[in-house]
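No lab work stands behind these numbers, since they all come straight from the coordinates. All values derive from a computational prediction rather than experimental measurement.
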Ligand SMILES: Nc1ncnc2c1ncn2[C@@H]1O[C@H](COP(=O)(O)OP(=O)(O)OP(=O)(O)O)[C@@H](O)[C@H]1O
Ligand SMILES: [Mg+2]
């Protein structure tokens, strides 16, 4: 198990956004978090990454209690997220965008980079090689010199995914990564996400398209009013009448 939420609650003023929520994410799996608008899905992402602190409950990542670990330290432990609405840096090329997402010992320490120029070059060439592999993997190699802002919508979604892969994080939190894609791009995108588990990645994905996530996820967690109402095999959760009424009634 790579991630475990134990009885997590979060209140915003009078609103109980997340309520005694518990679920687990197993290593190497795709877990889908579904539920109506306002169910608390993005808030749960914010609690997992440390952008928000829970009022109660605990979160374990790779066996370590991270409930009180700061956000930037959680990143170093190996998690990365995409945001529901944020676009890649549009004034930079595709290549630059992905290179900037690579972790860098030396970029973070100018002094160290002065005294160790050879290691800096080594790190740079390692990163460049990695970035080319990632661009190949997501299918953006021939767009590498284009400005991110000039990419199509679907290509921008792939660029966001490429940036996440560049972080080397094992756990990827994807908040509606495929929203608004045309059917053709969507198909390619979900196959890509599914394939990531063959590359040592674990995925927690928020997605409104239930039939789509049923196809790619190993497990579904159904969230309603911040509570994990059900957790199980996608077909079982998706065909549960009560949950369907909540989901489609909302
Ligand atoms: N920072 C905040 N301050 C106050 N209320 C918030 C804050 N963030 C979220 N909320 C509220 O908490 C509830 C859960 O929001 P959240 O964004 O987690 O839902 P969601 O499941 O991601 O919804 P959607 O499917 O629309 O993205 C909503 O009622 C929202 O308005
Ligand atoms: Mg959301």
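The orientation-averaged projection of the convex hull spanning the C-alpha atoms of the stretch 81-188 amounts to 7.2 square nanometres. Counted over the stretch 20-73 with a bin width of 5 Å, the fraction of Cα pairs per bin, in whole percents, is 4, 17, 27, 26, 19, 6, 0.
From the largest down, the stretch 155-197 spans 29, 19, 15 angstrom on the principal axes of its Cα atoms.
Which of rounded, prolate or oblate describes the stretch 89-150 when judged by the alpha-carbon gyration tensor and an a/c cut-off of 1.5?
Prolate shape, in that a/c is at least 1.5 and a/b is the bigger ratio.
Summarising the overall dimensions of the stretch 129-250 from its C-alpha atoms, the Rg and Dmax are 16.0, 50 angstrom.
Give me the angle, in degrees from 0 to 90, between the Cα long axis of helix 117-138 and the longest principal axis of the Cα atoms of the chain, rounded to the nearest 10. Rounded to the nearest ten degrees, it is 50. The smallest convex shape that holds all Cα atoms of the chain, its convex hull, gives 138 Å³ per residue. Once each part is reduced to its C-alpha centroid, what is the distance from the stretch 118-182 to the stretch 34-95 in angstrom? So the two Cα centres are separated by 19 Å. Evaluated at q = 0.17, 0.18, 0.26 Å⁻¹, a Debye calculation over the C-alpha positions of the stretch 178-250 (equal weights, vacuum) places log10 I(q)/I(0) at -0.69, -0.77, -1.26. Mind checking which of 182, 168, 150 has the largest fluctuation in a GNM of the chain, springs on alpha carbons under 10 Å? Fluctuation is largest for 182. Taking 200, 118, 68 as the candidate residues, the one with maximal mean-square fluctuation in a Gaussian network model of the chain, Cα springs under 10 Å, is 118. Between the stretch 191-206 and the stretch 226-250, the C-alpha centres lie 22 angstrom from each other.
When the chain is treated as a Gaussian network with alpha carbon springs shorter than 10 Å, the biggest mean-square fluctuation among 58, 22, 152 belongs to 152.
Average projection, convex hull of the Cα set of the stretch 1-140: 11.2 square nanometres.
Specify the angular offset, from 0 to 90 degrees and rounded to the nearest 10, of the alpha carbon long axis of helix 153-166 from the longest principal axis of the alpha carbons in the chain. Long axis of 153-166 versus the principal axis of the chain: about 80 degrees.
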